[in-house]
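The values are calculated or read from the model by the stated rules, or taken from the named source; none is laboratory data. From a predicted model like this one, the values you see are computed outputs, not experimental measurements. Here the Cβ is made from the backbone with ideal geometry for all residues, glycine too, and neighbour counts use every protein chain on show. Protein only, heavy atoms only, side chains kept; ligands, DNA and RNA dropped before computing areas. Shrake-Rupley method; radii C 1.70, N 1.55, O 1.52, S 1.80 Å.
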Amino acid sequence: MLTRRTTLGLLASLPLAPRAFAQARLSYDLVAKPLADGIWMVEGATDYFSMQNGGAIVNITLIKGDTGLILIDTGSSRRYGEALVTLARSLDLRGISTVVNTHHHPDHFFGNQVFAGTPIFALGETRQAALTEGEGFADNMYRILGDWMRGTEVVPPTDVIAGGDLRLDGRDFLALPLGGHTVADLALLDRRTGTLIAGDLVFHDRAPTTPSADLPRWQNALDALDAQNPALILPGHGPADPTGASITQTRDYLHWLDTTLRDGARSGLDMVELMDSPLPERFAAMGAQPQEYQRSVTHLFPAVELEELPRGN
């Protein structure tokens, strides 16, 4: 049986119609914003995956090392990874020396195949999750993004790192092995500048995603990040944050989400009724709302119902 992903690959091998010619020219216009000493960020769109944004919704970090650039996360597709290679060489002719994946969601590691032969570091549980869930993610990404995904194959991280002091290409970091957004979320604190690359543990003016979430664990991870007193926070999605407001906002949203789900279960609301509940003004204006809240209801509410309304045998 052909998956959507296989079907797209077969269609891509056929003679191109005029519309397909237009799709073949899809490209990313990536811009590296200088933020600190030897650190740049490529800021992603704050909406959900779409044909309009090509899946370019994640923040990417580039950091100057001794022999090239350290790349934190690789984007949503082979095409995106190739665009990163071009961008990196415009900043440093030596290109990418080292790659890190903060976690296993597809927008953060599906560009990995472009960096074959380059060390790709991640937490051990992230590598395992990429191996276990990557192909399912790929089928879904091909379904949503179509030809943006052309030629993309799942390439998990190759090298496992742990927490604590970490040197990558001559640059010193504190590696924080946490979790809550997924089973394993890596944050890196750059020792030279105090910049915290937080991955998707932190969202800023963009609604957090929750398909793999453990909300209490996520809140604990935010406390651990806050304790580092970073000079600058680079969230997984949304603008860079020099004030710490992004951690406060993410913590506030997760607390509200958990409380809303539990109150809904105790009040006897069903999933559809809960999805239709109005969002507080401070959250309604976030990117990807109300769709991200509605997805969170589908992800989390069934388990919350079982906790709040246990059924006898």
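R192 accessible area, nearest 10 Å², 1.4 Å probe?
Rounded to the nearest 10, that gives 140 Å².
How would region 26-244 be classified by its alpha-carbon gyration tensor: rounded, prolate or oblate, with rounded meaning a/c under 1.5 and the a/b versus b/c comparison settling the rest?
Cα axes put region 26-244 in the rounded bin.
How high is the relative contact order of region 26-244? Use alpha-carbon pairs under 8 Å, at least six apart in sequence, and give a whole percent.
That works out to 18 percent.
Just to make sure I understand: if all protein chains stay in place, what is the order of E135, E307 by accessible area at 1.4 Å, largest first?
E307, E135
With all protein chains present, calculate the accessible area of F115 using a 1.4 Å probe and round the result to the nearest 10 Å².
That residue has around 10 Å² of solvent-accessible surface.
Could you rank T98, T86 by how accessible they are, 1.4 Å probe, largest area first?
Ranking T98, T86 by accessible area, largest first, yields T86, T98.
Would you calculate, for the chain, the mean residue ellipticity at 222 nm contributed by helices, counting each DSSP H stretch of 4 or more residues as -39,500 (n - 2.57) and dividing by all residues, to the nearest 500?
One gets -11500 deg cm²/dmol as the mean residue ellipticity at 222 nm.
Rounded to the nearest 5, what is the percent of antiparallel bridges among the DSSP beta bridges in region 26-244?
Percentage antiparallel, nearest 5: 65.
Give me the 1.4 Å probe accessible area per residue for region 26-244, excluding ligands and nucleic acids, in Å².
35
Specify which residue in the list A285, A213, A116 is farthest towards the positive end of the charge dipole of the chain, using unit charges on the beta carbon of Lys, Arg (+1) and Asp, Glu (-1), about the Cα centre.
A116
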